[in-house]
Structure formats: C-alpha cells, structure tokens
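Data block below; observations after.
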Amino acid sequence: MWQNSPPGSLYDHIRVAAFSLGPDGRIEQWSERAAELFGITARQAVGRDPLDVLAPAPTARRRPLTDTPFLGEGGLDGRAWTGLVPYQRGDDSRQQGLAEIYVMPGENRRGERSALCVAVDVRALRGIETDIAASEAVFGQSPLGFFFVGTDLTLLRVNESFAQAFGRPADWHRGRTPHDFLPRIEAERLTAALRQVLDTGKPVADLQLVGPVPGRHERRRWSVSLYRLHSGSGRPIGVAAIATDVTGRRRAEREAAGVRRNLALLNEAGARIGNSLDLETTARELLDVAVPQFCDLASVDLYQGLLVGDEAPPGLADGSGELRRVAYSSAVSGVPVDADHKSVQVGEVHRYPFHSPCAQALRTAHVQNVPCREGDEGGGPELGAVVQSTLAVPMVARDTVVGLAQFSRTKGSEPFGERDTALAVELAARAAVCIDNARLYRREHERALILQRSLLPPGDPEAAGLDIACRYLPGNAATEIGGDWFDVIELPGHRTALVVGDVMGRGLRAAVAMGELRTAVRTLAMLDLEPAEVLSALDEIAHGLGRPGGKQSAPRGVRGSIRPSDLSEVYLATCVYAVYDPVTRRCTVANAGHLPPVLVEEGEPAMLLDVPPGMPLGVGGEPFEETVVELPEGALLALYTDGLVESRDHPLDEGLEAFREALHDPGRPLEDVCDHVLGALDTHHGEDDIALLMAKVRGLPPDRVGDWTLAPEPRSVARARELARDQLTAWELDDLVDTTELLVSELVTNALRYGEGEIRLRLLLDRTLVCEVWDGGLVQPRRRRARDTDEGGRGLQLVGLLSAAWGSRRIPRGKTVWFEMALPDGDSVPPDAVEALLSLY
C-alpha cells in the first residue's frame, strides 16, 4: 500500500539532492533540491557540463571535459563513481562547499547510456554522523540507565547500565513492558507516568520505584525521570527515561535522618530531663521524651533499697534486688510492659528472675536487646503478640546501677538497631544521673528536715497562764529546707518566753544556723535576761556564725570597716522575743527585724503590735528596744514567719490583712483558730516554710499567788516559815509543807545574811509550786560544797537536793532566788528532808 511518509524523515535532515546526466554527459534533469543545495536553477544547469555547474570557472577551464569523473572519450562510460566535488554556491565565490556525489549508471528509454546522480552536502552529513556518534556514546557509555519507550509503551531500546541495574540483558528488554521487570504496583505507577508524559508532554522527575533484582535478596530503589521524544517535525514518537539506582543514597538519607532525629531527641532530653529534684518526676520526664518519638512503650524501675536507704541493698550486685516501678508510658493502649506474666503497676515492688535478660542487664550493666516472641519469658502471651523487641537498659550513675529502663517497639515498627541502642543507653545514662541526684537530694532533704524538726518543740508546748497552739509547715519537697523556728521556754516565776525566728536563706546551713540560734536563745533565756538583752547577745552570735571558727564580730563601732567579702558570710536572721508574766499579765516584746506580733482582744479587731522593728540579727550597730503590753484575760497573741503572709501571688500588706481577718473570732478553741488561719490563707504555695505560734492569755488567779514583804530582821525567818505553812495548807498541799518550810527558811536566812533592804517572799501555784525570795543585794548566790568541818555553807546544797529546780536572776533593784517543787500526784513520794540533811555530812 502506498502512503505518504510523515514529515521529519532522515532525508529531511540530510537534504539529499538529485540530478540526471544524458548520453553526452551533460545535465539532463535538475531537481528542486539540487537548485536549493547548489544555488543554481534548472534553467542554468540543464544542458551544461556538471563540472562547469558545480566547480568554479577557472577550474573548469584548466581541465578538459574528457577529464571529468563522469565521461570517457565517447561519452558516459557506464561506470559507477563516488567522490567529493567542491562547489561554489551560485555566483558567490565566498559560499563554497564540498559535496559528496554518487553517480549511478543507467539507460534511457532509447537504450542510450545515462546516469542518476545523488549529491549530499558533506558538512550536513558529517554533522549528522557526529550527532549519531555522540548519541550512541551517551546512550551506551553513560553510567545512568537510559531506556526508550515507543508510543505503545513498550521498550524500544535500553543501555547496558539500565540492563545491569534491573538484572537482565539489554536485548531481553526490547519489546517488554514495565510489568515484565517490576512488581505489579510499581509497574502500574510507571505505566501511568509514561502515559501521562506521552499525552501531556510534561516531564516527570524523580519518580521513586522499588523492586527486587534477579539474583539478589535485597530490594532496590530507583529514581526515574521521564520526558517525551519528538521527530524533526515535532511529532511525539515515544518517551525517553533516565533511571538511577538510589538505594545507597536512600539508605544514607535514612541514616542521616536517623542521626538528626537522635540528635534532636538528645537535645530534647537535655532540656526536659532533670528539671526537678523529684525521683518520679524525673523518671516520667525520661518517658515523655522516649514515647512515642523513640519507642512505643517504656518503663523505669529503681532499686527499692537505694530509694529508702543509704547503702547498697542486698541483691544489687547480682540484679536480684527488689525494684519499684516509678514510671510507665505507652503509646499503645492496653499493652503492659512487664518481666513476668502479669502487669507490674506503677509503685509496685517486684523482682526479675535471676536468669532473665533484665536481671542480666542489671548484673552486667550492659544493655540487652530482647526479641519478644509469643510465649517468651518476660513477655507473656499478650505482650509477645504485640511487642517486636525490647531494650533492657541499666541506669548507671557514678558507677552504680540504680535501676532499669525498658524501651519496647511494637510489631510494624522499625526494629532497634545499633544506633538506637546507643541512643537508649545515652538517654538512660542522662536520666540515671538526674535520678541519682534527686535520690541524694531527697536523702539529704529528709535528713535536714529531721534535723530541723528535732530542733522544734515536740507536740504542743505548755506554759503557765497561757494556752499554746503551734503549727509548722515545711516547704514542698522540691524546695530546700528553711531556717524558720519557734520555741516556748519556761522561765522562773511561771513566766514564759515566746520566740519566733527566721534565718535568711535556705538549705542545710540555714537549718544548722537556726539550730544554733535556737540553742543560744534557750541558754540566754535561762539567764533571765531582758528581751532586748537577749536579742543583743543573739546579734553577736549570729554575726559570728559565718566567720572562721565562729569568731565573734568586731565591736559595733568599727563594723563599718569590715570588708564586703566578710559581710557576705554573715548569717542574717529575724526574731521576735516576748516574755509573758501570768501574775501581772504583762508581755515584754523585743523585735529584730521580724514581722510584728498580732494581738486580738475579745470584741476588737486584730491589730499589729506597735513594736520597734530593729535590725535583723547579724547586722548589729543599733540597740534593740522593748515594748511592754498589758494583755487582758482571753486575749490572743500570734507570732509567725513571713511564709504565712507572703508569696509571689500577692504583696505582704494583703497577706497581713488576710491574716488579721482570719483572726476575727478568738473565742473559738485555739486549735480550731490555727486550722482556720492555715485554711483561710494561701499556705500551699510551698515557697517558704511556715511557723505559727499562738497563745491565749489566762492569767494566774489571785488566789494562786501568795506575796509578802518581810523586814530585814532575824525574826522574819520564822515569819516566812509560818506564812509558807499557812499558804500551803490553804492550797491543800500538806505533803509539801515541811520541805517548803525548810527551803524558805534557808533562802530568807541567806537574804538576811548576804542581801540588802527589805525581803519579799512570793509563792506561785500553777502546774508546779514556785517560791521566790527577793532582796536588794546584787551578789548572786553561788553553790559550793562544804567541808565536813564547816558549820555552814550547805543551804543551797539542801535546796538543790530537795527541790525540782532552783536558781537566781537579776531584777532592776536586786536579785531573786527561787526554787520549784513538783506537785504531789498520789504516786510519787516527796524527798525526805531528814535524809537530805544527813547526806550533806
């Protein structure tokens, strides 16, 4: 069947020209392509010698016609000839070329010799040859895989690189479709892309295909780019493609992505793990980082012995010790992580079997990669059906295994590799250090709290003429201990010292400083100093706490010359010291930079006592002042630290006002008042310790006081004995009459012998019996041991033997010597005065 060929054939590219020669060797026919190639029309060429037409005129004149390559002596010789002939395009001598001419002999219809000549421009031919050679070189020698697909989507040609990449010979691929060398799904994707490129002309770049290669076990990945091919006339004739094996590059990209993910995970772990000094919180922070970014399930177990003790517990070395699960996290609902056939709950104490991988990890301090299969030990049937593998990672801190972290991935997830194992070890190590720090902090914090609480009064203290209630709330476990303290000190004469203080700063040093100051307060209180004198002495002690060896500070007048580096070591503390006398119901208060006490009288709003604030202890330079307050019966006095009324959420003034409003009903039981205050104020912020000391006034009734003034004469001794006997009889304390009468006689006798002025005898009855003898002498009594030959000097020894306590104190105009007697309770027998007298000799 004859049909028109489509434009753009090879002849169009080569541009072949034809002409014919007659029997005489002259041009007989001249084609339009010859006219286009040589620039000579048919009218100019027909009937002329070909050499005259093609070659320049001088060349034609130099050579005879018989010398032309076309003719012999008698015209055309009938020989075929091929040769190169230079030509000049038309009349322009500057446009010269070289044509390759094919002379093919023949006969015309009259039987005469003729020839058909075909001429091709050599430069066009050599360009096509060069293009073909370059295309063959690129196609055949390129390391990239080339293949051509026809319009029917079958392979027309592939190069050797493509054949090697897909594991088949090059000839095998001819006429094949993508379904012959790719899996079905991948073949359909490639076929759809080929059809799309062929239809639209839009190229497709980096189409990822995955498939096996014959003779290899691994799957390969290729990147394919497609573009449409066109003929010279622009007609689509197929699709060309470049295929590159990117399996290695993909693996490298995946590894690089894994490295970036691990680095990001480590960076996140550094930012999130260890933000608190709480064991459970730190363990949960580890799991928050690991799940689900690193694994699907995770748990943390810590040695129970390390959590509750100081030394290494039994079983720690061989991995058989008890562990407590402190944290668990799962991205898969309903799947437990346990080392037995039952789920271990958070907070539960358990053990791992000796030969289990978890125990081995604890024993060797090396990570164990445990593949979980259904029915395996340590997985359980339910777990084995879901979990693919588990990393049992020992948590090591300071060369000690503190616990075990388990990371598990479920089936369908990527299995753990070497890089994952290294990352799990790093995560567990970071968490282990933080957990060990939290453990050590918790231990030290608990010790400090024990120390701090041991320095506080046990239970509810008792005092004569006062109902006492107190509360102490330490800061939360995440904060350091503070230096808040309070104390209730019984003084001679049924007086009571109320103390509340706060060492500035936090930590164990503040708690120790608080203990030293509290001990100093008790010591100074027993000397029966005035409140302002007690604070002055405390000021010197506080300033010496921070100096080497406890060296006391420089005199007040030269403290300004102390270097700032020395001042930084000074312990600063605030303190309120109040002394209450139940007989007079007077309270003497001195303040060292502390918040003022609050006084509540029945029917009146609570008010802050106007007490000169003074400077904190340890600063010095200013004397302390006292304030004397008359406390009516039923009044309420509250001493407190700043943690009760101050927080970040509100200013101090608002806290003080809220405290005063909470004390609106002092008539309620004192314990209820304390609970109401702590409930009404924001005491759960945990920013600081809270100390609250509340005292309700109930003065000593007048019938419990015996007070007499005696003349400084010998007969006052008998009078004192008589007054004491009568008063004790009225109080129905007959069991104490003889002993008290004897001791009163001794004290009055000493007042007459060594004292001055009038003598005052006072008996006070409350929880104990107190006897006081006052005189105007300044010489304090001193107890000494009398020799066997001495006639006197045994009076104070006798007082010490027969009384529960005795002592002396200064008063503004002399001194007071006192002794105290325990009240009979029906079971105990009072000391025998005769036996005591005989024991002195």
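For this structure, a couple of remarks:
- Residues of the stretch 238-288 satisfying the condition of being of a type in the set (Asp, Glu) and under 30 Å from Phe146 (Cα atoms): Asp245, Glu253, Glu255
- Remark: Pro457 falls outside the filter, which requires a residue to be at pLDDT 70 or above and farther than 22 Å from Arg762 by Cα.
- Any hit, the stretch 198-209, residues being small (Gly, Ala, Ser) and surrounded by fewer than 17 Cβ atoms within 10 Å (Cβ to Cβ): yes
- Count of the stretch 606-634 residues which are surrounded by fewer than 15 Cβ atoms within 10 Å (Cβ to Cβ) and outside any loop (DSSP other than H, G, I, E, B): 4
- Any chance Leu599 is modelled with pLDDT of 90 or more, farther than 25 Å from Ala510 by Cβ and crowded, with 17+ Cβ neighbours inside 10 Å: yes
- Within the stretch 483-515, tally of residues that are modelled with pLDDT of 80 or more, of a type in the set (Gly, Ala, Ser) and not in a helix (DSSP H, G or I): 2
- Filtered by the rule that a residue be of a type in the set (S, T, N, Q) and at pLDDT 90 or above, the stretch 517-553 gives a lone residue, Ser536.
- Residue in the stretch 181-196 that is farther than 19 Å from Leu144 by Cβ, in contact with a Lys or Arg (Cβ under 9 Å, 6 or more places away or on another chain), surrounded by 13 or more Cβ atoms within 10 Å (Cβ to Cβ) and modelled with pLDDT of 90 or more present: yes
- Those strands (runs of 3 or more DSSP E) of the stretch 107-163 in which at least 1 residues are surrounded by 12 or more Cβ atoms within 10 Å (Cβ to Cβ), in the same structural domain as Arg26 (by TED's automatic domain parsing) and hydrophobic (A, V, I, L, M, F, W, C), considering only elements entirely within it, cover 113-121.
- Looking across the stretch 184-205, the residues that are within 23 Å of Glu160 (Cβ to Cβ) and in contact (Cβ under 8 Å) with a residue 12 or more places away in the chain come down to Glu186, Leu190, Leu194.
- Residue count for the stretch 280-302 satisfying the condition of being touching a strand residue (DSSP E or B) at 6+ places or on another chain (Cβ under 6 Å) and in contact (Cβ under 8 Å) with a residue 60 or more places away in the chain: 10.
- Any hit, the stretch 667-690, residues being assigned to a strand (DSSP E or B) and in contact with a Gly (Cβ under 8 Å, 6 or more places away or on another chain): yes
- Residues that are part of a loop (DSSP other than H, G, I, E, B) and touching a residue at least 24 places away in the same chain (Cβ under 8 Å) are absent from the stretch 252-272.
- Elements of type helices (runs of 4 or more DSSP H) contained in the stretch 1-92, each with 1 or more residues being out of contact with any Phe, Trp or Tyr (no Cβ under 6 Å at 6 or more places or on another chain), farther than 18 Å from Val122 by Cα and modelled with pLDDT of 60 or more: 32-38, 42-45, 50-54
- Test: residue in the stretch 718-739 that is assigned to a helix (DSSP H, G or I), in contact with a Lys or Arg (Cβ under 6 Å, 6 or more places away or on another chain) and not assigned by TED's automatic domain parsing to the domain that holds Gly603: yes
The values are calculated or read from the model by the stated rules, or taken from the named source; none is laboratory data. In this text the structure is predicted, and so the values were computed from the model without any measurement. Every residue, glycine as well, gets a Cβ built from its backbone with ideal geometry; the counts of neighbours run over all protein chains shown.
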